[in-house]
Amino acid sequence: MGSFDVAIVGGGLIGASIAYELSAEKVRIVILDRQQPGQEASWAAAGMLSPGPDSPEALPLVPLMKESLRIYPEFVAAIEDISRKSVEFARAGALQIFLAPQGESERDVLFSEYRRLELPMESLSVDAARRLEPSLGQNARAAAFLPNEATVNPRSLTDAVLGAVRRRGVEIRTGCAVNSLIHENNKCTGVIAAGERISAEFVVVAAGCFSAGVAPQDNLVSQFVPTRPVRGQMVSLRPKGINLHHVLRSDRGYIVPRTDGRVVAGSTLENAGFNKHVTPGGLRGILSAAIELAPALADAEVLETWAGLRPGTPDDLPILGPTGIDGLLVATGHYRNGILLAAVTAKLLHEWITRGETSFNAEIFSPLRFTREKLSARVAKGISTLS
């Protein structure tokens, strides 16, 4: 039987970042992963660090994204220093390209929205945008420059964070699926994983889209984390004769440059269950959007194709914080923003565990919102809460 202060279920970027923040407290931490850590959504992401909402549903997330972007440079600098590995962090900004005939009016609407949200944005003529990125396609009707946006290589970052926690003495167990929680009198005191009893003062579920399936034997976790997988297909290209310097993004797709000259193009949003197959239709849509943004990519070499599973939730917002069970916390459901939100998520979980409260109001992301909704529905139907 193992004994720890904190057991973290899930060894992706979110779980590893939480372990990193807590490891500064010299507490005993174990990461439990059902496979090799960092091989799911963290490995598959593009690495855009954008605090702007990508849909109306994401508007409540903007303050959290802004805070995470604010602390990100310090976060990655510390990770690189401890791990001695580069995470390829770059802050070159992004170009939002509008392709529809009414592109200028669409840009103006976005400009007003960004100003209301206190996000920096500069309206550009297409000629000005092309001076920043000469490879920009002829279908562009308007453009905007988002100077605060940054990028990181998610695979490099996840590898570096895992390296940093190992250096700080965090134990990482692979092939260690959590079958059930150890709990009594509404208090969680550990888990049963791979047939072993592991005691812990705190258990943090950070297993991405697999979070709802953690501890299936007692079915306690799923009520707080109704996660679902959302497939995203991706393509890596090596351009010939061009060198992109900024993220290029439209409402049809995006291109993210890497420091070695490669570009990553994406992505799809598919409710395909836990199926990670790459499909011809998905790749066609991604490549078509990428070539429309930068036509020279039509001659690029295709280096790699893959698909990942984002952790979606019923309201497309993260699930963060304490549950209705003492000692059980969750950090999952980051959907399309897990790479950006890793820094602030680690900070929040560190504060919840060490102080019992946070410096940032994260009530809207509480896992209790789902149980409250269920309770309200039961009351409305006249169903006893004791049944």
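Numerical summary
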read-out	value
For Gly333, distant residues with modelled amide H under 5 Å away	Gly208, Ile319
Per-residue ³J(HN,Hα) for the range 27-33, Karplus 6.51 cos²θ - 1.76 cosθ + 1.60, θ = phi - 60°, Hz, x for Gly and Pro	8, 7, 10, 10, 9, 10, 10
Least to most buried among Ser112, Ser86 (fewest other Cβ within 10 Å first)	Ser112, Ser86
Cα→Cβ-extended label distance, 7 Å offset, between Ile364 and Asp218, nm	3.3
Proxy reagent accessibility, fewest Cβ within 10 Å first, across Val230, Val302, Val225	Val302, Val230, Val225
DSSP beta bridge pairing in the chain, given as percent antiparallel to the nearest 5	70
Ranked Lys347, Lys26, criterion: other C-beta atoms within 10 Å, fewest first	Lys26, Lys347
Spin-label proximity, Asp260 to the range 288-318 - amide N less than 19 Å from point 7 Å beyond Cα toward beta carbon	300-307
Inter-centroid distance (Cα atoms) of the range 308-340 relative to the range 217-259, Å	17
Candidate values [x] 1.05; [y] 1.01; [z] 1.14, label of the one derived for Cα Rg over 2.2 N^0.38 Å	[y]
Whole-Hz ³J(HN,Hα) from phi, Karplus 6.51 cos²θ - 1.76 cosθ + 1.60, for the range 84-100, glycine and proline x	6, 10, 7, 10, 6, 6, 9, 10, 9, x, 10, 10, 8, 10, 10, 9, 6
Per-residue HN-Hα couplings for the range 177-186 [Karplus 6.51, -1.76, 1.60; θ = phi - 60°; Hz; x = Gly/Pro]	6, 8, 8, 7, 8, 9, 8, 7, 6, 6
Given charges at beta-carbon only (K, R positive; D, E negative), |dipole| of the range 1-99 in Debye	140
Over the chain: helical MRE at 222 nm, DSSP H runs n ≥ 4 each giving -39500 (n - 2.57), nearest 500	-9500 deg cm²/dmol
Cβ-defined net charge surrounding Ala272, 14 Å radius [Lys, Arg +1; Asp, Glu -1]	+3
Taking the C-alpha atoms of the range 1-107, convex hull volume expressed per residue in Å³	166
Length added when fully stretched, Gln36-Glu304, from 0.36 nm per residue minus Cα-Cα	94.4 nm
Cβ-placed point charges (K, R +1; D, E -1), dipole of the chain about Cα centre in debye, nearest 20	460
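Rule-based calculations on the coordinates, nothing more; no lab input. As the structure is a computational prediction, the values presented were derived from the model and not from experiment. Every residue, glycine among them, receives a Cβ derived from its backbone with ideal geometry; neighbour counts consider all protein chains shown.
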